[in-house]
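> First the structure, which I've put down as structure tokens, then a few questions once you've had a look.
Values quoted throughout were computed directly from the atomic coordinates according to the rules given, and no laboratory measurement underlies them. Predicted, not measured: the structure shown is a model, and the values here were computed from it. Note: ideal-geometry Cβ built from the backbone for every residue, glycine included; neighbour counts use all protein chains shown.
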Amino acid sequence: MLSEQEQIRRESLQKIISYGINPYPAEEFKFSHYSSQILENFIDGENVIIAGRLMRRKIQGKASFGSIQDVKGKIQIKRGIEVGHIFQLGTKYSESMRAKILDENGKDKLMHMGCYGIGIGRIVAAAIEQNNDEKGIIWPDSLAPFLVVIVPINLHKSELVRKTSEDLYNALQNSGYDTLLMDQENKRLGSMLADVELIGIPHIVVIGERDLNDGYIEYKQRLSSESRRIKLEETIKYIADEVQIIK
């Protein structure tokens with residue numbers, strides 16, 4: 001029975017062969033066809049790297065690699081996420097549907113069709129991969145499941161904190177900002193903030209009794225380690241100025 005590594009290597013080699021690429025040591029490598037899907041293969045100087053194996057063979061003549069013809073240069077492969085597709089369908093479906101148009105000579109002609117699709121889940125994965133740190137996700141405003149999160153301090157002990165948090169939550173919701181209220185009564189502030197940073201909500205409002213007695217709340221962005229004290233009555237306007245999307 002093949003090991004997992006050997007099975008992966010065998011499947012990779014079979015895929016390479018199906019695209020007309022010779023993966024085995026030879027005096028000459030000829031690339032008759034290349035697909036961008038085969039990311040396991042690329043030319044590096046005078047070597048060919050295939051499925052993780054360095055084939056130390058000189059390439060004789062020119063090798064076609066997309067639009068690149070100069071084998072003296074280096075090709076770099078970068079990581080990426082495929083978030084959409086474009087398909088050229090030709091006349092495959094227009095023939096069966098008898099979908100025709102009139103050409104410039106007034107004659108019936110089959111339509112050439114195409115289609116495209118965008119992967120919603122892949123867009124989310126791409127956003128997370130490009131926007132994160134050691135604490136968790138950093139959602140862009142335009143993709144965040146919640147735009148604002150309210151983190152109350154000692155919600156279960158202070159009626160002022162509870163009422164202010166609930167009033168601000170309702171006001172933000174009514175203003176069109178999707179808001180999350182961390183109303184976990186027995187959870188400590190540090191633990192709630194760690195959860196908020198892990199989830200990645202862009203705009204964080206911390207409400208505590210000490211600041212409220214002075215008429216202030218604490219505001220910070222997920223992207224920044226700095227917090228600011230702002231007046232309670234100016235919270236919605238302040239957040240509106242900070243949000244990076246058009247409502």
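> Applying 1/(1 + (r/R0)^6) with R0 = 45 Å to the Cβ-Cβ distance of Phe87 and Asp133, what FRET efficiency is obtained, to the nearest 0.05?
0.75
> Suppose R0 equals 22 Å; then what is the FRET efficiency for Ala171 and Ile123 from their Cβ-Cβ distance, rounded to the nearest 0.05?
About 0.10, to the nearest 0.05.
> Just list whichever of Lys163/Lys231; Lys163/Lys187; Lys187/Lys231 have alpha carbons separated by over 22 Å in the model shown.
Distance filter (> 22 Å) returns Lys187/Lys231.
> Can you tell me the length gained on complete extension of the stretch Ala99 to Glu242, counting 0.36 nm per residue apart and subtracting the Cα distance?
Working it through step by step, the gained length comes to 46.4 nm.
> For the range 93-137, which trypsin sites (Lys or Arg not before Pro) are in a loop by DSSP, counting at most 14 other Cβ atoms within 10 Å?
In loop regions of the range 93-137 (DSSP not H, G, I, E or B), the sparsely surrounded trypsin sites (Lys or Arg not before Pro) are Arg98, Lys107, Lys135.
> Hey, another quick one. Modelled label-to-label distance, Ser224 and Asp183, 7 Å Cα→beta-carbon offset: nm?
Label-label distance for Ser224 and Asp183, simple model: 3.0 nm.
> Nothing charged except the Cβ atoms of Lys and Arg (+1) and of Asp and Glu (-1): what's the magnitude of the dipole of the range 79-130 about its Cα centre? Round to the nearest 20 debye.
With only Lys, Arg, Asp and Glu charged at Cβ, the dipole is about 100 debye.
> Residue by residue through the range 216-221, which ³J(HN,Hα) values in whole Hz follow from phi under the Karplus form 6.51 cos²θ - 1.76 cosθ + 1.60 (θ = phi - 60°), with glycine and proline marked x?
Ordered by residue, 3J(HN,Hα) equals 10, 10, 9, 10, 8, 9 Hz.
> Given 0.36 nm per residue, what is the gain on full extension from Asp195 to His112 after removing their alpha carbon distance, in nm?
On the way: separation 83, 0.36 × 83 = 29.88 nm, distance 5.14 nm.
Using 0.36 nm per residue and subtracting the Cα-Cα distance, I get 24.7 nm.
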